[in-house]
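Enquirer: Below are the structure tokens for one structure; questions will follow.
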Amino acid sequence: MVAKALEVFGERTLMAYDVGCNLDKTIDASSLGELFKKLHCRCCVNAFHGFAHNYACQCQNHPHGIVGMGIEDLETLERIFSFSNQLAIVTRYASAYRRQVFIDLFFKQWDEEKYQNLGLMLYNNYRQALDIISEQSQALAEAMASLGVNEKVLKQWHDEEVEYFRTLGKEPEWDVHAMAYVELLQELRDLEYVLSRLYHHSLGSFCFSVQHGNASTNF
């Protein structure tokens, strides 16, 4: 499938897959790896499935974080699978031959309807994109103004976030020493608390002994 996609779509193709983060590595290790890089293609995860991945993966592979991705959620197959569930009613008790006939008819009709509505889909997507630009751009500009940041700072924040989650499992040397220092401070606090209680307990016992001794003498 990857080979066919490269042949048909050519360079700068973005391939979405439920585990696109791993598909990238698979392609790189295959005979298609060199051509894949030469054509500047890449993989990503679908918008719906992507949220089930850890955040380190989402920072790099989720469509929301890919510049130029647009508003496509890359879940076309999920919609096809969901819609095709209607076939179960008529194929459940059908023969193998009739099951294949109904499935073939279903996808032929699906293709015809999608081609007929292709212009409407592009139009609606274009309108949606314009609405996002006109409405959310203003909200973004106001938020950036209130924070005193610009697009360069947003890009820097994104890069820092990606790097942070990429190295999250590796503790920097400074963090190791900082945590050790905090743990020692906690031990010191606990020891001071114990020492303070012992001191006050001993002092109380001493005062009681002195008072009791004086009382006996006076008596």
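Computed from the coordinates by the stated procedures, all read-outs in this text should not be read as laboratory data. Every value quoted in this text rests on a predicted model; they were computed, and no experiment measured them. Every residue, glycine as well, gets a Cβ built from its backbone with ideal geometry; the counts of neighbours run over all protein chains shown.
Enquirer: Can you list the residues of region 32-61 with backbone N under 17 Å from a point 7 Å past the Cα of Lys25, pointing along Cα to Cβ?
Expert: Under 17 Å, as judged by backbone N against the label point of Lys25, lie 33, 43-45, 53-61 of region 32-61.
Enquirer: Compute the signed sum of charges (Lys and Arg +1, Asp and Glu -1) over the other residues within less than 14 Å, Cβ to Cβ, of Asp159.
Expert: So the surrounding residues net to -1.
Enquirer: Given (1) 65, 26, 22; (2) 54, 21, 20; (3) 56, 21, 13, which label gives semi-axes √(5λ) of the Cα gyration tensor in Å as computed from the coordinates?
Expert: Label (1) holds the value from this structure.
Enquirer: What FRET efficiency comes out for His40 versus Ile89 if R0 is 41 angstrom and r is the Cβ-Cβ distance? Round to the nearest 0.05.
Expert: 0.35
Enquirer: Among Gly68, Gly50, Ile89, whose Cα projects farthest towards the positive end of the dipole of region 14-99, with charges put on the beta-carbon of Lys, Arg (+1) and Asp, Glu (-1)?
Expert: Value: Ile89.
Enquirer: Within region 1-43, which trypsin sites (Lys or Arg not before Pro) sit in a loop by DSSP and count at most 11 neighbouring Cβ atoms inside 10 Å?
Expert: Of the trypsin sites (Lys or Arg not before Pro), the ones in loops of region 1-43 whose Cβ has at most 11 other Cβ atoms within 10 Å are Arg12.
Enquirer: Also: Quote the charge dipole size of the chain about the Cα centre in Debye, to the nearest 20; the model charges only the Cβ of Lys and Arg (+1) and of Asp and Glu (-1).
Expert: 720
Enquirer: Test of understanding: what is the full-extension gain from Leu122 to Thr76, defined as 0.36 nm times their sequence separation minus their Cα-Cα distance?
Expert: Gain on stretching Leu122 to Thr76: 15.1 nm.
Enquirer: What is the sum of charges around Phe48, taking Lys and Arg as +1, Asp and Glu as -1, for the other residues whose C-beta is under 14 Å from the C-beta of Phe48?
Expert: Counting the neighbours of Phe48, the net charge comes to -4.
Enquirer: Would you mind computing, in nm to one decimal, how far apart the modelled labels at Ile66 and Asp190 are, each placed 7 Å from Cα along Cα→Cβ?
Expert: About 5.0 nm, to one decimal.
Enquirer: Can you give the FRET efficiency to the nearest 0.05 for Tyr181 and Asn54, using r as the Cβ-Cβ distance and R₀ = 25 Å?
Expert: Efficiency computed from Cβ-Cβ geometry: 0.25.
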